[in-house]
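The structure appears below as structure tokens.
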Amino acid sequence: MRRSAPRPERCDGADAAAMLGLILRRIGSTVIVMTVVALFVFAMLHLAPGDPAAVIAGDIATQEDIARIRSKLGLDRPLWEQFLVWLGHILTGDLGRSIFSDRPVVELIGQRIEPTLALATTTMLFSVIVAVPLGIFAAWRAGSWVDRLVMSFAVLGFSVPVFVFAYVLIIVFAVNLKWLPVMGYVSFRDDFGGFVRSIALPTLALGVTYIALIARITRASMLEVIHQDYIRTAHAKGLALGAVLFRHALKPASVPIVTTIGIGVALLIGGVVVTESVFAIPGVGRLTVDAILRRDYPIIQGVILIFSGIYVLINLVIDIVYTLLDPRIRY
Amino acid sequence: MALVEPLPVAEPVPQRGIAFWLRRYPTVAAGLVILTLMVLVAVFAPWIANADPGQINPRNRLRPPSATHWFGTDHLGRDVFARAIYGTRVSLFVGFSVALLSTAIGLSVGLVSGFLRRLDAVVMRVMDGLMAIPAILLAIAMISLSRASIRTVIVAITIPEIPRMVRLVRSVVLTLREQLFIDAAVSLGAGLGRILSVHILPNTLAPVVVQATYVCASAIIIEAILSFLGAGTPPDIPSWGNMMAEGRTYVLVGWWLLLFPGLFLSLVVLAVNLLGDGLRETLDPRLRRANL
């Protein structure tokens, strides 16, 4: 981010070309990142100690089982050939088959993706709605007891693991007060009220760390803006406090906030796996945990590829949108 | 009579006692005190625990907290207090090991890659790829491919933590290498090894120590999560994650099975985080928190 002399706010040809170049470079680096991810996932199976076929087959497998798995996964062919074939399959949307159930991994993940996406979306919305005003308020009243309270909460949010907080919520709200169901998931297509009640505690549990993260960065980046002259001007000309904070101050402070929300998706994805396990939500996280116990590596591999893809894509979109919207990044 | 006046010796900075420092930074003090207590608990576990953590007693199962069993007993009649005390060992061992390992690897890779442009391009692409994989999933994948042991858990948690450390070290190196004192060292004929070890390394230590505490906190959380999911510390070793995994079936009848290990876990992570925040404020106010 280079700040040069003020330029007229006009999109001329050279400017558009520079922007396009920037976007193309971002897309290019995303492709490289995903290739590296694929290489990792592939290499992991082959770098693991011992014969991968034997590892996947488990401790009680016979020689025939191991041989069957080896030829099924193509592990008897040269390594580079395996990688190219495997990469070709992935690019055409084929993530292999589950060793346990012999069903395509894409199909298994597809069946389970709805609760996972629902939980991730509600958590993200909830967290942003709670955390951004909290952070703004803390920055506006920096040093006050409110600020200290919000910041202490943030440290606590980083320190209490998702599943510990989840069980506190379950014991208080589900077991003792009996306000909400202990576990399970109701699809929003079947019963919206039931969906809200089943997703409330998981959202709250999963949201805590994310809220802490976003509130902290919101406070920090608001503090950098809030003492600038134009904010004082806005105050002085009699604008409402809400308008000053949310419109004038939040906008320039939003780049690090949105970037952090994007990076935090990685945290959210890890948390989803745990939260689904605690609340017995039949999503991709549960699929993954079941796959660990059965050593069903193709499923784990598929989940990693899809989640990393989603993560990288979200961050790419954020980057591109900001390149388009924020002139400070373009120059 | 000396031809050159000797330079005036700087007045020694008055040494401030630990008491002053602790009063100035109460959060660091709190973190330090809790963490020290926990380390002592881990070291002296056999003397603190009043029961054998593995002792099964089926007639005494699922008893609530009482005078004989402070934290109650679990589904096999084992003493929850003893198990929670012994669990401190696993968590602290994993946390400290991961922090040390990822610091060592991050420092060496970051230092070299910050100085060698060609290598840097490759290393950074690898790190970007590694960072795109959610840490817990990466650890799960690695553990599902190898036999369960504490060592596997440590390796599986360390690898996802490496990229952030490498990036941090590299960014410090990149700003340092443009500075005059490095040019001076180069023109005096210092080799790469000397520049890195004498001129660059000491300057990276402050941010690295801060980052290492955050890595330690996140490693303790990830170990507990992995154990809780059944992909971590072998189930015969008492760890807080394992205890909660076993206790989850009894959430309706035995809150103490989940509460106490969860409390210990949160307390240790809180202590490490407080320490990290305090160190950051004292050592490097510019370092932004990036603990994901």
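Annotations
- Rounded tilt (10° steps) of A:297-325 against the dominant C-alpha axis of chain A: 20 degrees
- Surface accessible to a 1.4 Å probe, B:Arg177 within the full protein complex, Å²: 60 Å²
- Gaussian network model of chain A, springs between alpha carbon atoms under 10 Å - residue of A:Arg286, A:Arg26, A:Arg247 with greatest fluctuation: A:Arg247
- Built amide H within the under 5 Å cut-off of A:Arg97, gap 5+: A:Val105
- A:Tyr167, A:Tyr311, reordered so the largest accessible area comes first (probe 1.4 Å): A:Tyr311, A:Tyr167
- With θ taken as phi - 60° and the Karplus curve 6.51 cos²θ - 1.76 cosθ + 1.60 applied, the whole-hertz 3J(HN,Hα) list for region A:84-93 is 5, 4, 4, 5, x, 4, 4, 5, 9, x Hz, x standing for glycine and proline.
- Converting the Cα gyration tensor eigenvalues of region A:211-291 into ellipsoid dimensions via √(5λ) gives semi-axes, longest first, of 40, 11, 8 Å.
- Positive-pole candidate from B:Pro58, B:Gly87, B:Ala42, dipole of region B:24-88, charges at beta carbon: B:Pro58
- Using the 1.4 Å probe convention, the accessible area of region A:202-331 works out to 36 Å² per residue with neighbouring protein chains retained.
- Most mobile listed residue (A:Ala291, A:Ala200, A:Ala17) in chain A, GNM with C-alpha springs under 10 Å: A:Ala17
- Here's the thing: no lysines lie within a cross-link span of A:Lys178, going by alpha-carbon distance under 16 Å and ignoring same-chain residues fewer than 8 apart.
- Point-charge dipole on Cβ atoms (K/R +1, D/E -1) for the protein assembly as shown, about Cα centre, debye to 20: 1020 debye
- Placing unit charges on the Cβ atoms only, positive for Lys and Arg and negative for Asp and Glu, gives chain B a dipole magnitude near 380 debye about its Cα centre.
- Under 11 Å, Cβ to Cβ, from B:Ile195 - net charge with Lys/Arg +1 and Asp/Glu -1: +1
- Note on region A:68-107: along the principal axes its Cα atoms extend 27, 25, 7 Å, ordered by decreasing extent.
- Carbon-plus-sulfur accessible fraction, region B:61-195 (probe radius 1.4 Å, protein heavy atoms only): 66%.
- The heavy atoms of A:Lys178 offer some 150 square angstrom of accessible surface to a 1.4 angstrom probe.
- Contact order for chain A, expressed relative to its length and based on alpha carbon pairs under 8 Å spaced 6+ residues apart, stands at 26 percent.
- Think of chain B as a dipole: +1 on every Lys or Arg Cβ, -1 on every Asp or Glu Cβ, centred on the Cα centre; then among B:Leu168, B:Phe96, B:Met244, B:Met244 lies furthest on the positive end.
- Alpha carbon centroid spacing (whole Å) that separates region A:211-240 from region A:61-79: 61 Å
- Delta accessible area of at least 20 Å² on complex formation, residues of region B:190-224, 1.4 Å probe, chain isolated as reference: B:Ile221
- Of all lysines in the structure, the ones whose alpha carbon falls short of 20 Å from that of A:Lys251, not counting any fewer than 8 places away in one chain, are A:Lys237.
- Over the residues of the protein assembly as shown, the helix contribution to mean residue ellipticity at 222 nm works out to -23000 deg cm²/dmol, using -39500 (n - 2.57) for each DSSP H run of at least 4.
- Helix A:63-72 axis, angle to chain A major axis (alpha carbon atoms, nearest 10°): 50 degrees
- Principal-axis tilt of helix B:80-115 within chain B, Cα atoms, nearest 10 degrees: 20 degrees
- With θ taken as phi - 60° and the Karplus curve 6.51 cos²θ - 1.76 cosθ + 1.60 applied, the whole-hertz 3J(HN,Hα) list for region A:182-189 is 5, 7, x, 9, 10, 5, 5, 7 Hz, x standing for glycine and proline.
- Rolling a 1.4 Å probe over the protein heavy atoms of chain A, with every protein chain left in place, gives an accessible area that is 66 percent carbon and sulfur.
- Scalar couplings 3J(HN,Hα) for region A:130-138, obtained by applying the Karplus form with A = 6.51, B = -1.76, C = 1.60 to θ = phi - 60°, are 7, 6, 5, x, 4, x, 4, 4, 5 Hz; x denotes Gly and Pro.
- Shape category assigned to chain A from the gyration tensor of Cα positions, a/c cut at 1.5: oblate
- Averaged per residue, region B:132-230 has 35 square angstrom of accessible surface, using a 1.4 angstrom probe with ligands and nucleic acids left out.
- P(r) histogram, all alpha-carbon pairs of chain B included - 5 Å bins from 0, percent: 1, 5, 10, 13, 13, 13, 12, 10, 7, 5, 4, 3, 2, 1, 1, 0, 0, 0, 0
- Expressed as a whole percent, the proportion of Cα-Cα pairs in the protein assembly as shown lying more than 38 Å apart is 39%.
- Chain B against chain A buries an accessible area of about 4200 Å², both chains summed, 1.4 Å probe radius.
The values are calculated or read from the model by the stated rules, or taken from the named source; none is laboratory data. Everything numeric here is computed off the predicted structure, so don't read it as measured data. Methodologically, a virtual Cβ is constructed for each residue, glycine included, from the backbone with ideal geometry; neighbour enumeration extends over all protein chains shown. SASA here: full protein model, heavy atoms, side chains in, ligands and nucleic acids out. Shrake-Rupley method; radii C 1.70, N 1.55, O 1.52, S 1.80 Å.
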